[in-house]
Amino acid sequence: MRAWHSLSFGLRAFLLTMFLAAGIAASAAELTREEAIKQGQAAAKAGDYNKVYQLGLPFALKGDAEFQYGLSGVLLFYSEGTKIDGVADQDHRRLGMTWLRKAAEGGSEEALEELALLYRWGEKGLPRDAELSDCFTQAESDHKAVAHCRAREHAKGYDQ
């Protein structure tokens with residue numbers, strides 16, 4: 001037990017998410033990408049954001065930027081007051097931002113646009129920062145610039 005407590009919070013949360021994802025999302029992992037999208041859309045329409053999250057998690061963990069962006073939306077905008085298996089209530093925003101940044105790094109133009117808007121208006125725990133907003137906006141047309149934007153974000157201490 002001592003070894004577990006010596007791990008950083010972020011690493012513990014990641015490992016717990018992976019462990020839970022292996023069991024909870026086992027049936028979702030057997031779905032094709034198209035089936036997961038179809039079932040996820042139906043679950044979202046029904047307001048079952050936990051199911052949406054669980055269906056998308058296996059694909060997001062494999063680096064699918066579209067699913068990473070989708071999970072960020074679930075956690076940042078749709079899951080308030082909703083239990084998401086494997087994610088502590090207080091971690092929705094932090095993990096949502098992690099998925100949003102991964103999606104941006106994976107080339108999702110929607111994620112880049114979302115980051116630009118969040119920095120433009122100072123929402124979801126981010127400060128207002130016109131420089132970073134402009135950087136992510138420019139990265140929408142030049143995906144090579146994403147690493148530069150992320151480095152600037154890190155230098156300012158915003159990616160904690």
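The values are calculated or read from the model by the stated rules, or taken from the named source; none is laboratory data. Source: prediction; values computed, not measured. Every residue, glycine among them, receives a Cβ derived from its backbone with ideal geometry; neighbour counts consider all protein chains shown.
Checking each residue of the range 131-140 against the condition of being at pLDDT 95 or above and under 30 Å from residue 35 (Cβ atoms) gives no match.
Within the range 85-125, the set of residues being more than 13 Å from the chain's Cα centre (by Cα) and aliphatic (A, V, I, L, M) comprises 88, 116, 117, 118. Here the condition is being over 17 Å from residue 69 (Cα atoms) and not in a loop (DSSP other than H, G, I, E, B); of 150, 128, 120, 101, it holds for 120 alone. From the list 124, 144, 102, 156, exactly one residue is crowded, with 16+ Cβ neighbours inside 10 Å, outside the structural domain of residue 46 (by TED's automatic domain parsing), out of contact with any Cys (no Cβ under 6 Å at 6 or more places or on another chain) and not aliphatic (A, V, I, L, M). Which is it? Unique residue meeting the criteria: 124.
Looking at this structure, is residue 115 among the aliphatic types (A, V, I, L, M), in contact with a helix residue (DSSP H, G or I) (Cβ under 6 Å, 6 or more places away or on another chain), in a helix (DSSP H, G or I) and not assigned by TED's automatic domain parsing to the domain that holds residue 43? Spelling it out, residue 115 is indeed among the aliphatic types (A, V, I, L, M), in contact with a helix residue (DSSP H, G or I) (Cβ under 6 Å, 6 or more places away or on another chain), in a helix (DSSP H, G or I) and not assigned by TED's automatic domain parsing to the domain that holds residue 43. Candidates are the residues of the range 52-84 that are of a type in the set (D, E, K, R) and modelled with pLDDT of 95 or more; the one that is farthest from residue 40 (Cα to Cα) is 62.
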